[in-house]
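Computed from the coordinates by the stated procedures, all read-outs in this text should not be read as laboratory data. Not measured: the values here are computed from a predicted model. FYI the Cβ positions are ideal-geometry reconstructions off the backbone, even for glycines, and counts take in every protein chain you see.
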Amino acid sequence: MRRVRYAILGAGTSGLTALSLIRKQTDDFVIINGGHYGTTCARVGCMPSKAMIQSANIYHKRHHYDEFGLAGSESVTVDTAKVMQRVRRLRDRFTTGVKAGTTDSLKDGQLISGYAKFVGENRLEVNGEVIEAERIIIATGSRPVIPEPWKAIGDRLHTSDTLFELPVLPERIAVIGLGIIGLELGQAMSRLGVSVTGFEMQERVAGLSSPEVAQKAVELISNDFPLHLGESAQLERIDQGVLVKTSNSEVKVDVVLASLGRRPNLDLLDLSAAGIKLDSRGMPSLDLNTMQVEDRPIFIAGDVNAFRPILHEAGYEGKMAAINAINYPDITAYERKTPLGIAFTDPDIGMFGMSYSSLNLDEVEVANFNIERNNGRAIVMHEDHGMICLYADKSTKKLLGGELIMPHAEHFTHLLAWAVEQGMTVADLVKMPFYHPVLEEALQSAIQNLYDALYVDSGDRIAPELTVMQ
């Protein structure tokens, strides 16, 4: 039996972040990884999807040539084989870069390729070898959810793990599940010439819960492909494709993209063999501010804990897990970052801070701003569409969060999330400088609306942006 001080399970973002800290302290560790290397984000997530989206949006701009006095749009064509080749070329570049700076530089014996499982309290088995580790970090990631009956569809069924391997895009595809991933890929494929049909059990898309923003998102995305909302879809393999049915619709497609979320890779670890109790979802008791399981020298970080399966959160959790593993039994609780989510659709969708669905509307003030015909920069760009929803605490006047769909929302969502992280009040925000003409003026208008609602009786409401010199 081999003994080590640290064992890291998984070489994704969390595992590699933990590795970067632990290897500065000692060489007495192993990192065990089953499956592919290079992280989910670089291999099948953030980066290849953005490569496809970029091609799609550039091709889509031909529809607006006439608006700008340009000609020749009818001569612009797309070669989806070359699009997919570029996606994979960039994917390989990103994954190679990740591996070069991490797993490729490890010493013999520190990296083990295989699937580990617990065989005792601090004992792991991988490839027939038993390893006893003083401290263990579980960062085994997640995998796409595929309902068991759908597996009968065989090679006609794809997930984001397999879609980018297609040599060319299909003529017809059904995207089932219109969260962020399904919405991004569905719109991109539609803009690349694929006949896309979207299905979502919820009445809203991308996880939005603000009524105004959610409605605007459905309206704008429906311009690219039809959306069937509020119903589950049934699949049936037929000759030359798949029949997708709901209670009031059916469509024949070549393939289906299942985008139903991801399942934590905990079930194969046999945590019960380590004496760890699991809840009805198969999850152990976990402190999300320390990443510690129960009071053990075991820590869980990244997608595998199903809390916030996003790269920047996975990296942050990897740091928390590593520091607490290094210092165990002295455990430090850390503040979580302000929630931040972005869908790289066109227009972008952003969410930050508290979700609208979690609000007590008696205690918060909500303000909306419709961008259409109300922002000069957006009009000039021929992108004057979108909606902003912001909310603040009535008592403290602090910005709590918001949802938005607008051009370049990926940037504005960051700015607003930073404001929440800094505990800024709406009065603080209304005093910020805003240039003209810029898209940020749409944020200024939304902030002003929120200020007016919060400070209706304030004496400085006439010109709140003016600050008296000290």
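For the reader, a short list of remarks on this structure follows.
- Working from Cα pairs under 8 Å separated by at least six residues, relative contact order for the range 340-454 is 32 percent.
- Spherically averaged projected area of the convex hull of Cα atoms, the range 148-260: 6.8 nm².
- Taking amide H as placed 1.01 Å from N in the peptide plane, the amide H of M283 sits under 5 Å from none that are at least 5 places away or on another chain.
- Hz values of 3J(HN,Hα) by residue in the range 94-106 - Karplus curve (6.51, -1.76, 1.60), Gly and Pro given as x: 5, 5, 4, x, 4, 5, 4, x, 9, 5, 5, 9, 7
- For T197, net neighbour charge (Lys/Arg +1, Asp/Glu -1) across residues whose Cβ lies under 13 Å away: -3
- Remark: the range 332-430 carries a charge dipole of roughly 200 debye about the Cα centre, counting +1 on each Lys and Arg Cβ and -1 on each Asp and Glu Cβ.
- Averaging the sequence gap over all C-alpha pairs within less than 8 Å and six or more residues apart, then dividing by the number of residues, gives the chain a relative contact order of 15 percent.
- The chain, helix-only ellipticity at 222 nm - DSSP H runs n ≥ 4, -39,500 (n - 2.57), divided by all residues, nearest 500: -8500 deg cm²/dmol
- Phi-based couplings in Hz for the range 173-181 (Karplus 6.51, -1.76, 1.60; Gly and Pro marked x): 9, 9, 9, 10, x, 10, x, 4, 5
- Summing Cβ point charges (Lys, Arg +1; Asp, Glu -1) relative to the Cα centre of the range 265-374 gives a dipole of roughly 200 debye.
- Per residue, the convex hull spanned by the Cα atoms of the range 1-117 amounts to 129 cubic angstrom.
- Between V205, G315, L124, the Cα set farthest toward the positive side of the dipole of the chain (charges on each charged residue's Cβ, about the Cα centre) is that of L124.
- The per residue volume of the convex hull around the alpha-carbon atoms of the chain is 188 Å³.
- Here's how it looks for G401: its modeled amide H is under 5 Å from those of M354, Y391, which are all 5 or more places away or on a different chain.
- Based on C-alpha pairs under 8 angstrom that are at least 6 apart in sequence, the range 1-120 has a relative contact order of 36 percent.
- Mean Cβ count within 10 Å, highest first, over the residues of peptides 80-91, 317-328: 317-328, 80-91
- HN-Hα J in Hz across the range 350-364 - Karplus 6.51, -1.76, 1.60, θ = phi - 60°, x for Gly and Pro: x, 9, 8, x, 5, 6, 4, 5, 8, 6, 8, 5, 6, 10, 10
- Considering only T467, P407, Q444, and ranking their Cα positions along the charge dipole of the range 403-470 that arises from unit charges at the beta-carbon of Lys, Arg, Asp and Glu, the one farthest toward the positive end is T467.
- Compactness of the range 340-454, expressed as Rg and Dmax over alpha-carbon positions, Å: 13.2, 39
- Charge dipole magnitude, Cβ of K and R +1, D and E -1 - the chain, Cα centre, debye nearest 20: 1400
- Within a straight-line Cα-Cα reach of under 13 Å, K319 can be paired with the following aspartates and glutamates, leaving aside sequence neighbours fewer than 8 residues apart in one chain: E335.
- Out-of-range pairs (alpha-carbon distance over 25 Å; input K50/K252; K99/K277; K61/K216; K216/K431; K216/K397; K117/K277): K50/K252; K99/K277; K216/K431; K216/K397
- FRET efficiency, H63 to K252 (Cβ-Cβ, R0 22 Å, nearest 0.05): 0.25
- Neighbour counts of C-beta atoms inside 10 Å place S357, S222, S49 in the sequence S357, S222, S49, starting with the fewest.
- Placing unit charges on the Cβ atoms of the charged side chains and taking the dipole of the range 317-406 about its Cα centre, the candidate lying farthest along the positive direction among T345, I326, N360 is I326.
- Distant-in-sequence amide contacts of V130, defined by a placed amide H-H separation under 5 Å and a gap of 5 or more residues or a different chain, comprise R2.
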